[in-house]
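A.B. asks: One structure follows; several queries about it will come next.
The values are calculated or read from the model by the stated rules, or taken from the named source; none is laboratory data. On a predicted model such as this, the values are computed, not experimentally measured, just so you know. Neighbour counts run over all protein chains shown; Cβ positions are idealised from the backbone, glycine included. With ligands, DNA and RNA removed, areas are computed over all heavy atoms of the protein, side chains included. Shrake-Rupley method; radii C 1.70, N 1.55, O 1.52, S 1.80 Å.
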Amino acid sequence: MELVGSPSTAMYAHPRSTPTRFLPAISTMASSYKNRFPYHPLPQSFSLPWLPSTYYKAAAINPTLAPFSRSSQGLTPSKQLPFISNRTTLFTRYTPDDWYRSNLTNYKESETSRRNAERLRVDTSRLIQDKYQQTKKTQVESTKNLGERVNDIEFWKAELCHELDEMIGETNALTDMKKRLERALEETEAPLQVAQECLLHREKRMGIDLVHDDVEKELFTEVDVIRSCQERMQLYLEKAKAQLASNRAAQHEVEKDLANKQVAYRIDDKCHHLRNTSDGISYYRGVERVDATISVPESWAKFTDDNILLSQSERAASAKLRDSIENLLVVTANEMWHQFNRVNVAFTNRIAETADAKNKIRSHLTKTLLELHEVENNIEAIRKAIRDKVSPLKVAQTRLDERTRRPNVELCRDPAQLRLVNEVHEIDETIQSLQQRLRDAEDVLQMLYHTKSVLEHDLSVKANTLFLDQEKCMGMRKSFPSKARLVGYV
C-alpha cells in the first residue's frame, strides 16, 4: 500500500516515449484505493510541495473557511490541527466514499482524455503523412504528364520544322518555274506582234497582190500557234499562281502551328521545371474552375497531322505542276520555231497599202486619241473617288479598334458595333467595286494604247507598201527568240 501523497508509477496500455514538452502521464490509481484506510491528519512535513499548483487550480474544490481562518491566525500547526479536527463535524459536506469516487471519476476522465488526445495525435500524424504522400504523388504524376506533353510537343515541332523546310524549298522551286514561264510568255509577244503586223501589212495590199496566198495562210497559222501557246502558258501560269497561293496557305498553317507549338513548348517546359522552391509561384484563386481548353489530345494531334498532310499534298501537287510546266515549255518552243521557219520559207511577196486605208487609219487614230483622253479623265475621277473613301474607312476601323478595348462584359455586340462592321464592309465593297472599275478602265486604256500603236504603225506602213514588205517585214522576221529564251532560261 502506498502512502497518500507519494508519487505512483504510471501504467500505460501501450508504452511509448513521451515528448519532453508534455507532463508525465498519470496512471489509474483505482487499485490503490481498493483497501481504504481511515483518515489521519498528516504532519506538516508530509505536505506535497512537488505537486504543481496547476493541478489544484484545475481540479481541487476548496471550501471557504474565511471566518474560521481568522481565529486561527497566530497559532502553531500543532495547535491548529486539533482545532480543525474538532470542528469538522460542524462543516462536513461529503463522505470519504464521495471523495474516493470523485477521485476515481477524475482519474477515469483523465485517462479517457489522454486516450482521446493520443488517438487524435496518432490519427493526425497519420493523416499528415498520408496527405503529404498523396500530394507528393499527385505532383509527381503532374510533372510526369507535363514531361510527356513536352516530349509530344517537341516531336510535332520536329515534324513541322521538317515539313516547313520541304515546303519552303518546293515553293522556291515553283516560284523559279513560274518566273521561267513568265519570261517565256513575254518572249512570245514579240513573234506574235511581228506576225500580226505582217498580216496587217498584207491586208493593205492593192490589186493583184490582194491574194490569199500561202504566206497569209502560214501567217494566220503562226498567229494561232503563238496564241494557242500563250493560252496554254497563261493557263499554267494561273495554275502556278494558284498553287503558290495554296503552298503559302499550307506553309502559313504550318508556320502558325509551329509558332503555337513553340509558345506551348516554352510554357509547358517552364511548368515542367517548376518546383515547390521555385521563384514566381503564387496563388491564383479560382483558376482551377477556368476551362479555356478547345481541344483534346486526339484532336490536338489530328490538327497538326492534318496540317502536315495538307502540306505534303500541296507539295506533291506543286512538284507535278512543275513537271507539267517544264514539258509545256519544251513543246511550245518546238511548235513556234517550226511554224516560224515555215512562214519564213513561204514569205516571198510584199503588200502595199492604199491612200484610202491610210486615211481611214488616220481617222481611227484621231478617235482613239480622243477616247484615250476621255478614258484618262475617267481613270483620274475613279482614283479620286477611291481616295475619298480612305478617310471614312479609317474612321470606321479606328472606332472598331478602339471599341475592342472595352473591358469585360462591356464588349457588347450592340447596334453601334454591328453598324460599324457593316460600314467597314460597305466601304470595302465600294472601294473594291471602284478598284475593279479602275482596272477595267486601265485595261481599256492599255487596249487603246495598243490600238493606237498599231494604227500609228499601220499609218507609217501605208506610206510605202513595197518598203514595208521587203525591208520592214523581213527585217522584223530576221530575229526570233532562241529556244533558251522560249523555255524561260534567259
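A.B. asks: Determine how large the accessible area of residue 107 is when every protein chain is in place; take a 1.4 Å probe and give Å² rounded to the nearest 10.
C.D. replies: Its accessible surface works out to 50 Å², give or take rounding.
A.B. asks: What FRET efficiency do you get for residue 144 and residue 116 if R0 is 51 Å and r is their Cβ-Cβ distance, rounded to the nearest 0.05?
C.D. replies: After rounding to 0.05, the efficiency reads 0.80.
A.B. asks: Can you give the accessible area of residue 241 in Å² (nearest 10), computed on protein heavy atoms with a 1.4 Å probe?
C.D. replies: 90
A.B. asks: Under a Cβ-Cβ cut-off of 12 Å, what is the net charge of the residues other than residue 243 that fall near it, where Lys and Arg count +1 and Asp and Glu count -1?
C.D. replies: +4
A.B. asks: Related question: Go ahead and collect, in residue order, the members of segment 144-179 whose backbone nitrogen is under 19 Å from a label point 7 Å along the Cα-Cβ direction of residue 326.
C.D. replies: The answer is 166-179, whose backbone nitrogens lie closer than 19 Å to the label point.
A.B. asks: Place the peptides 250-258, 282-290 in order of packing, highest mean first, counting for every residue the other Cβ atoms within 10 Å and averaging per peptide.
C.D. replies: For the peptides 250-258, 282-290, the packing ranking is 250-258, 282-290.
A.B. asks: Kindly sort 99, 156 by accessible area of their heavy atoms, largest first, with the probe set to 1.4 Å.
C.D. replies: 99, 156
A.B. asks: In nm, give the distance between the simple-model label positions of residue 232 and residue 435, each being 7 Å from the Cα along the Cα-to-Cβ direction.
C.D. replies: So the label points at residue 232 and residue 435 sit 3.5 nm apart.
A.B. asks: Could you tell me which of 134, 173, 161 has its Cα farthest along the dipole of segment 115-175 towards the positive end, charges placed at Cβ (Lys, Arg +1; Asp, Glu -1), taken about the Cα centre?
C.D. replies: Positive-end residue among those listed: 134.
A.B. asks: Ignoring ligands, DNA and RNA, what accessible area per residue does segment 116-264 give at 1.4 Å, in Å²?
C.D. replies: For segment 116-264, the solvent-accessible area averages 57 Å² per residue.
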